[in-house]
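Take a look at the structure set out below.
All of the numbers you see were taken from the coordinates with simple rules; none came from a lab. The structure presented is a predicted model; accordingly, all values stated were derived computationally and were not measured. Every residue, glycine as well, gets a Cβ built from its backbone with ideal geometry; the counts of neighbours run over all protein chains shown.
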Amino acid sequence: MANTVSAKKMTRKIAKRTAINRSRRSRMRTFVRKVEEAIATGDQGQALAALRVAEPEIMRAAQHGIVHKNNASRKVSRLAARVKAIAA
C-alpha cells in the first residue's frame, strides 16, 4: 500500500492512465473488428471503407504507445491484404 503522498499520487496517475489506455486499445480493437466483419461478408467496398477508417485509428494507437509502431503497421498491412484478396 502507498505510504507517502507522492506514492499515493502515483497510484492515482497510474489508474487514470490505465483507464485511458484501456479505452484507446478497446477503440482500436473495435475498428479492427469492423474491418474483419466486413471481410467476412465478402463485400470489398464495405471492407475497404472500414479499413480506411480503421487505419488512422490503429496508427494513432501506435503514436500513443498502446501498440508498437511495427505491430500497428503489420496489422494494417495484413488487413489490407485480406481486403485486397476479396476481389480475387
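Brief remarks on what is shown
- Test result for Thr30, over 28 Å from Ala88 (Cβ atoms), assigned to a helix (DSSP H, G or I) and of a type in the set (Ser, Thr, Tyr): no
- Among residues of region 31-59, those that are surrounded by fewer than 15 Cβ atoms within 10 Å (Cβ to Cβ) and under 22 Å from Arg17 (Cβ atoms), counted: 0
- Residues of region 60-78 that turn out to be buried (at least 17 other Cβ atoms within 10 Å of the Cβ) and outside any helix (DSSP H, G or I), as a count: 2
- For Arg24: the one exception among (1) touching a residue at least 12 places away in the same chain (Cβ under 8 Å); (2) under 15 Å from the mean Cα position of the chain (by Cα); (3) surrounded by fewer than 14 Cβ atoms within 10 Å (Cβ to Cβ): (3)
- Number of positions in region 13-39 that are in contact with a helix residue (DSSP H, G or I) (Cβ under 9 Å, 6 or more places away or on another chain) and small (Gly, Ala, Ser): 1
- Scanning region 61-74 for any residue that is without any contact (Cβ under 8 Å) to a residue 40 or more places away in the chain, charged (D, E, K, R) and out of contact with any helix residue (DSSP H, G or I) (no Cβ under 9 Å at 6 or more places or on another chain) turns up at least one such residue.
- Residues satisfying the criterion are absent from region 36-55 (criterion: touching a Lys or Arg at 6+ places or on another chain (Cβ under 6 Å) and not in a helix (DSSP H, G or I)).
- Candidate set from region 43-57 (those that are touching a helix residue (DSSP H, G or I) at 6+ places or on another chain (Cβ under 6 Å) and touching a residue at least 12 places away in the same chain (Cβ under 8 Å)); member that is nearest to Arg74 (Cα to Cα): Glu55
- Lone unmet requirement of (1) in contact (Cβ under 8 Å) with a residue 40 or more places away in the chain; (2) farther than 27 Å from Ala88 by Cα for Glu36: (2)
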